[in-house]
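Laboratory data are not the source of any read-out in this text; all were calculated from the coordinates shown. This structure is a prediction, so every number in the text was calculated from the model and none was measured. We place every Cβ from the backbone using ideal geometry, glycine too, and count neighbours over all the protein chains shown.
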């Protein structure tokens, strides 16, 4: 659906997007992640034909987005960050106006308006002034606008920004539902959104693509290192620490007491759980818990983008 080859955008000598290449297949829901200023929005604007590149090429549905942008735009629904809406129009007036601009007229307009009201949960507010709507409903109006011409590809730049937790949950469910019929490229700072919604992740940093993979594969790649948690009952915890530190791949061991139980946290470069279990059997340690600490996409993101504490 999307093919990007060495796409570059520079401003007055500063490079915002630096020769990036990636592909998005039909039916994918792809999370586009990166720190502020990484180049996410610039890339999305170029893909939506709102911004010309300095160099490189990109196609959507087989159409060059710069040489044949009108054809490409027929397949694209672009929702920018901070959806620009006409506040002094009613929802139905605004969406009719937008439908006409997109060439959706007559009977098809009536059908599409009915469909997007239902899909985006606007049936009860479609006659209200946009200025009277909550932030969540304004985001829904923006998404309804994107869907009017039935595009194959949705490019959504921070669709949940500024929403409260309930609104974020509702928008997440809506995006997941849209993923059944559309290819979606989704930019967000909320990493839980990507874990719950997307089947692929693109991480960009300083204008360069760092990783293109599935969330599952990224977590699997990082499980060779991380933290292991162990909880046992023992009278001499320092002896346990000595045995644990001697295991291959264990870099450090911290421990603390929780009643009659001792908790051990191991920083590792390999997975030592099988060896720990064998030690517990050998020395008859009463074992209450042994687990690899859950690695979140946030941990992976911080590691890949070399995030520093402020």
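The table for this structure:
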| read-out | value |
| --- | --- |
| Average projected area [Cα convex hull, the chain], square nanometres | 20.7 nm² |
| Percentage relative contact order, the chain, counting C-alpha pairs under 8 Å, at least six apart | 19 percent |
| Estimated FRET transfer efficiency (residue 67, residue 131; beta-carbon r; R0 45 Å; 0.05) | 0.70 |
| Cβ-derived FRET efficiency at R0 51 Å, residue 280 paired with residue 166, nearest 0.05 | 0.70 |
| Sum of -39500 (n - 2.57) over DSSP H runs of 4+, divided by residues of the chain (222 nm, nearest 500) | -10000 deg cm²/dmol |
| In degrees, nearest ten, helix 165-178 long axis to first principal axis of the chain (Cα) | 70 degrees |
| Stretchable slack from residue 288 to residue 88, in nm (0.36 nm times residue separation minus alpha-carbon distance) | 65.8 nm |
| Gap separating the Cα centres of segment 1-53 and segment 155-201, nearest whole Å | 18 Å |
| The chain: most fluctuating residue of 28, 235, 145 per GNM, C-alpha cutoff 10 Å | 235 |
| 0 to 90° range, to nearest 10: angle between helix 106-119 axis and the chain longest Cα axis | 20 degrees |
| Additional length obtainable on full extension of the chain from residue 50 to residue 227, 0.36 nm per residue less Cα span | 59.3 nm |
| The chain - share of DSSP beta bridges that are antiparallel (%, nearest 5) | 70 percent |
| For segment 212-286, average projected area of the Cα convex hull in nm² | 5.6 nm² |
| For the chain, built as a Gaussian network whose Cα springs stay under 10 Å, the top-fluctuating residue of 33, 281, 154 | 281 |
| Listed residues 105, 172, 140, most fluctuating in the chain (Gaussian network, C-alpha, under 10 Å) | 105 |
